[in-house]
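Peer 1: Attaching a single structure in structure tokens format; questions to follow.
The values are calculated or read from the model by the stated rules, or taken from the named source; none is laboratory data. If you're wondering where the values come from, they're calculated on a predicted model, not measured in any experiment. Heads up, the Cβs are rebuilt from the backbone with ideal geometry, glycines too, and the neighbour counts pull from every protein chain shown. All accessible areas refer to the heavy atoms of the entire protein, side chains included, with ligands and DNA or RNA removed. Shrake-Rupley method; radii C 1.70, N 1.55, O 1.52, S 1.80 Å.
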Amino acid sequence: MACNSCTTEKGGQPKGCKNNGTCGTDSCNKLTVFDWLANMSLPNGQEPFKGVEVRFKNGRKQYYKNTENLSLSIGDIVATQAKSGHDVGMVTLTGELVRVQMKRKKIDIDDSEEVLKIYRKASQKDIDIWSDSRDKEEPMKVKARQFAIDLNLKMKISDIEFQGDGSKVTFYYTAEERVDFRELIKVFAREFKTRIEMRQVGFRQEAARLGGIGSCGRELCCSTWLTDFRSVSTSAARYQQLSLNPLKLAGQCGKLKCCLNYELDAYLDALKAFPKNETKLYTEKGTAICQKTDIFKGLLWYAYEGEWMNWHVVTAEQANEIIAKNKKKEKVTSLEEYAAEHTKDTKTEFENVVGQDSLTRFDNPKSKKKRNKNRNRNKNRNQRQNAKKN
């Protein structure tokens, strides 16, 4: 889903967004909320909700109060109140849905410290200053990173955001430990000649601001629709029987992937029908210990103590049946009586129907006859060339 300015040019090349994230449709921005109440009229005598959602750089959103009763719609550029000066952003949501969003995030519209005001619709002068400030951010970020390296600070400046009037710039950084950046702020103020604010963000917040493509091939969840970051532990991977490989389980932020929690509830519900792995099965042949579990097929692999190489497959129902007998101090003869048949995977043989060469064609060594033939041909060619020169 994208606006008309993000279509393709002739030849299939992408045109790209020519509005720098300020297009009126607001359909190519991150964390966009669809206003499903836009076509519904309010009851007679009820005033429209004065709260307005305004988006700034990289999906940063804040809620403001429309005290001037301006006629605002999605996509309008507005000048908003800031702690000093004013900021410029784009309206992303109006009406009753803003009331729902603010209630969900527990924001009180009457709180003057948290909910600021909207001054006016941005004039052309406001937009020009805002655009010029945005153009300075990238070269300033390169210089700021070099200053931090020169001062040997263990921090990473991930993003820079100018205030709409250009009077203040916010540096977003990540760090493992506490950083003393007092000297860095002096260097920034002397070099950039503006007010400086340093704001530390987490690694997940950094990935959400910058965006990117995950290992699944899709855009990062945190930069498109995920708004709350719940804790993810390695137990989620263990329940889903995933390999505890940090390279595969970690996302762009270096932390465990948020998607590990998506299917965790389904796995926990399925595991309720399985016995615990530490539960032993007592038979007349010996004591069996669980070695492996297949949740999808509902199978468990057990091995007798002392015979670890021989695994016996039983279903979850059969294992529960044996455990129930063991609780009654009864033993079954052996696991072979309950062993399920293995389902052998049929090997799929692919045929070369396109006419392509074999992928293993370079594995076979060349024949000596062909090699000698090429050597003699090159030797005769060199002799003829030398004879012509003489």
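Peer 1: Can you list the residues, at least 5 places off or on another chain, whose amide H is less than 5 Å from the amide H of Leu299, using H built in the peptide plane?
Peer 2: Asp294
Peer 1: Roughly to the nearest percent, how much of the accessible area of the range 192-349 is carbon and sulfur, given a 1.4 Å probe? It would help to have the intermediate numbers written out before the result.
Peer 2: Working: 5430 of 10590 Å².
Taking all protein chains in place, the range 192-349 shows 51 percent carbon and sulfur surface.
Peer 1: Under the rule of at least 5 residues apart or a separate chain, name every residue whose amide H is placed under 5 Å from the amide H of Lys117.
Peer 2: Long-range HN contacts for Lys117: Lys65, Gln81.
Peer 1: OK, next. Can you give the Kirkwood hydrodynamic radius for the range 157-256, in Å, rounded to one decimal and based on Cα pairs? Kindly include the intermediate steps, with their values, before the conclusion.
Peer 2: Details: mean 1/r = 0.0624 Å⁻¹.
16.0 Å is the Kirkwood radius here.
Peer 1: Which semi-axis lengths, in whole Å and largest first, follow from the square roots of five times the eigenvalues of the Cα gyration tensor of the range 113-177? Don't skip to the answer; put the middle values down first.
Peer 2: Details: eigenvalues 169, 51, 9 Å².
Working from the Cα gyration tensor, I get semi-axes of 29, 16, 7 Å.
Peer 1: Can you flag which of Lys117/Lys193; Lys105/Lys272; Lys61/Lys103 are past 24 Å Cα-Cα? Let's see the in-between values first.
Peer 2: Working: Lys117/Lys193 28 Å; Lys105/Lys272 35 Å; Lys61/Lys103 15 Å.
The pairs that break the limit, which is 24 Å between Cα atoms, are Lys117/Lys193; Lys105/Lys272.
Peer 1: Something else about it: Starting from the coordinates of the alpha-carbon atoms of the range 56-100, obtain the Kirkwood hydrodynamic radius over all distinct pairs and give the value in Å to one decimal.
Peer 2: Values: mean 1/r = 0.0871 Å⁻¹.
One decimal place: 11.5 Å for the Kirkwood radius.
Peer 1: For the range 106-211, run through the trypsin sites (Lys or Arg not before Pro) and keep only the ones in DSSP coil with at most 10 other Cβ atoms within 10 Å of their Cβ. Don't jump to the answer; show the numbers that get you there.
Peer 2: Numbers: sites: Lys106, Lys117, Arg120, Lys121, Lys125, Arg134, Lys136, Lys141, Lys143, Arg145, Lys154, Lys156, Lys168, Arg178, Arg182, Lys186, Arg190, Lys193, Arg195, Arg199, Arg204, Arg209; in loops: Lys106, Lys154, Arg178, Lys193.
Answer in residue order: Lys106, Lys154, Arg178, Lys193.
Peer 1: Net charge near Ala316: determine it from the other residues with C-beta under 11 Å of the C-beta of Ala316, scoring Lys and Arg +1 and Asp and Glu -1. Before the final figure, lay out the partial values.
Peer 2: Values: positive: Lys272, Lys297; negative: Asp294, Glu317, Glu321.
In short, -1.
Peer 1: If I ignore ligands, DNA and RNA and count only protein heavy atoms, how much of Ser215 is accessible to a 1.4 Å probe, in Å² to the nearest 10?
Peer 2: 100
Peer 1: Here is a further query. Where does the charge balance sit around Ser334 when Lys and Arg score +1, Asp and Glu -1, over other residues with C-beta under 11 Å from its C-beta? Don't jump to the answer; show the numbers that get you there.
Peer 2: On the way: positive: Lys285, Lys331; negative: Glu284, Glu336, Glu337.
In short, -1.
Peer 1: Also, I was wondering about something else. Can you give the alpha-carbon Rg of the range 213-305 over 2.2 N^0.38 Å, where N counts its residues? Show your work: numbers first, answer last.
Peer 2: On the way: Rg = 17.3 Å, N = 93, 2.2 N^0.38 = 12.3 Å.
Ratio of Cα Rg to 2.2 N^0.38 Å: 1.40.
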